Structure formats: structure tokens, C-alpha cells
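So the structure is just underneath, and the comments pick up after that.
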Amino acid sequence: MSETTSTGPAAPPTPPTPTPTPPASSGSGIADPAPLGLAGFAMTTFVLSFVNANIIKESGAVNVVLALALFYGGATQLLAGMWEYKRGNTFGATAFASFGAFWLSFWALNKLSTGPATDIHQAVGLYLLAWCIFTAYMTLAALKTNLAVLGVFVLLTLTFLFLAIGAFMNDPAPDAMTKVGGWFGIVTAAVAWYASSAAVVNATHGKTVLPTWPR
């Protein structure tokens with residue numbers, strides 16, 4: 001170690017300059033994945049809800065839903081959830097990863113079921129009710145986000161509730177409650193699309209173009 005040769009009094013040590021720590025939400029340069037996750041959720045919900053509401057009656061329409069459920073609603077939302085984990089956003093990570101898994105499980109449920117549909121209607125009702133419960137407590141967390149996101153969760157809770165009731169009733173398809181759930185799903189998708197568009201448009205313009213009404 002070299003020695004100091006100056007004969008003057010030693011200068012007091014200079015405190016190290018603190019390095020600003022970026023907020024957890026910045027994610028070290030990771031772009032906001034919320035618009036992507038919301039878009040994947042919105043489109044898949046939109047198409048499925050048209051089937052549930054019996055607006056589209058083609059027997060093969062479910063195949064279009066399953067394709068979206070596997071890739072856009074499922075895999076893409078799951079990725080959005082992982083990116084939210086990286087950004088330190090607990091709410092976004094839990095929501096996107098969970099609903100991405102929901103769509104993947106929906107795909108698997110339709111592809112792997114081998115018995116008649118009537119054999120699992122109560123199990124499907126329980127499955128939808130469980131998702132209703134999850135969405136309901138996520139709605140409580142959404143109270144601290146903004147009105148656009150909160151609207152998505154309130155409407156989605158009602159969507160799952162009506163779909164669960166319809167599955168339990170198991171009347172000739174589509175059950176009246178399933179149709180109601182389908183209409184609620186359409187509105188849910190519209191609000192989710194708005195929340196997605198607001199996030200991406202506002203971020204791109206660097207200012208509020210489409211309000212989301214933060215709480």
C-alpha cells in the first residue's frame with residue numbers, strides 16, 4: 001500500500017456519493033408488461049364470451065378460443081407475469097401469471113377431457129367458482145391501482161360467478177346464466193382493452209392521453 005507524502009493536515013474522508021437506486025417498478029430497463037398482459041386477456045376473453053353468450057353458435061368456434069387460450073391468453077400472459085415479478089410488481093405478477101395459467105388450464109381441460117361433457121359439469125362449476133374467489137380477493141388489491149383495472153376485476157368476478165352458476169345448473173347448453181356470464185365477459189374484455197390501450201398509448205406519448213383514473 002502506498003504512503004501519503006503530503007505534509008499538510010489530512011483532509012477528512014469524502015463520503016461516497018450514493019448511487020441512486022431505481023425503483024423496483026422500473027425493472028432495470030424492462031418495459032411495462034401490463035399492456036401486453038391485458039391485451040392477451042382481453043382478446044381471449046372477448047372471443048370466448050361471444051361463444052358463451054351464444055352469439056356465435058358454430059360448433060367449431062371453441063377451436064379458435066383454444067388457439068388464443070394457448071398462445072395469447074395463456075403463454076403471453078404468463079410471460080407478462082414473470083416480467084412483472086422482475087419489476088417487483090406483486091399485484092401484476094400474481095394477476096398475469098395466474099390468469100395465464102387459467103387459460104392454459106382451460107386449453108388443457110378442453111383437450112384432455114375424454115368423457116361426455118355432462119360428466120364434469122359440477123367439477124367445471126367448482127373450477128369456475130374457485131377462479132371467482134381468486135378474482136374477488138384480487139379485486140380488493142385492485143382498489144389501490146386505478147379505476148380501469150379495478151373495473152376489469154369487478155366485472156371479471158361477476159363473469160366467473162355467472163359462468164359457475166351456469167355450469168352447476170347444467171341446463172341445455174348454453175344455460176341462461178352462462179349467457180349472462182358471456183355478456184359480462186364481453187364487457188370485461190372491452191374494459192381490459194381500454195386499460196391496455198391507455199397504458200401503451202400513454203407510455204408511448206409520454207403523457208396522459210387516455211385516463212385510467214389512479215386511486
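Which lysines have a Cα less than 27 Å from the Cα of residue 57, not counting those fewer than 8 places away in the same chain? Residue 57 reaches 111, 179.
Computed from the C-beta positions of residue 176 and residue 204 and an R0 of 45 Å, the FRET efficiency is 0.60 to the nearest 0.05. Taking amide H as placed 1.01 Å from N in the peptide plane, residue 146 has its amide H under 5 Å from the amide H of 215, each at least 5 places away in sequence or on another chain. Once both labels are positioned 7 Å from their Cα atoms along Cα-to-Cβ, the gap between residue 110 and residue 168 label points is 2.5 nm.
Over the C-alpha atoms of the stretch 31-205, the Rg to Rh ratio, Rh being the Kirkwood estimate, stands at 0.97.
Hey, fewest Cβ within 10 Å first, where do 58, 84 land in order?
Numbers: 58 9, 84 25.
Going from sparsest to densest Cβ surroundings: 58, 84.
Taking other C-beta atoms within 10 Å as the exposure proxy, 78, 163, 143 rank 143, 78, 163 from fewest upward.
Every read-out reported here was derived from the displayed coordinates using simple, explicitly stated rules and does not represent laboratory data. Just so we're clear, the structure is a prediction, and the values are computed from it rather than from any experiment. For neighbour counting, all protein chains shown are included, and Cβ atoms are generated from backbone atoms with ideal geometry for every residue, glycine included.
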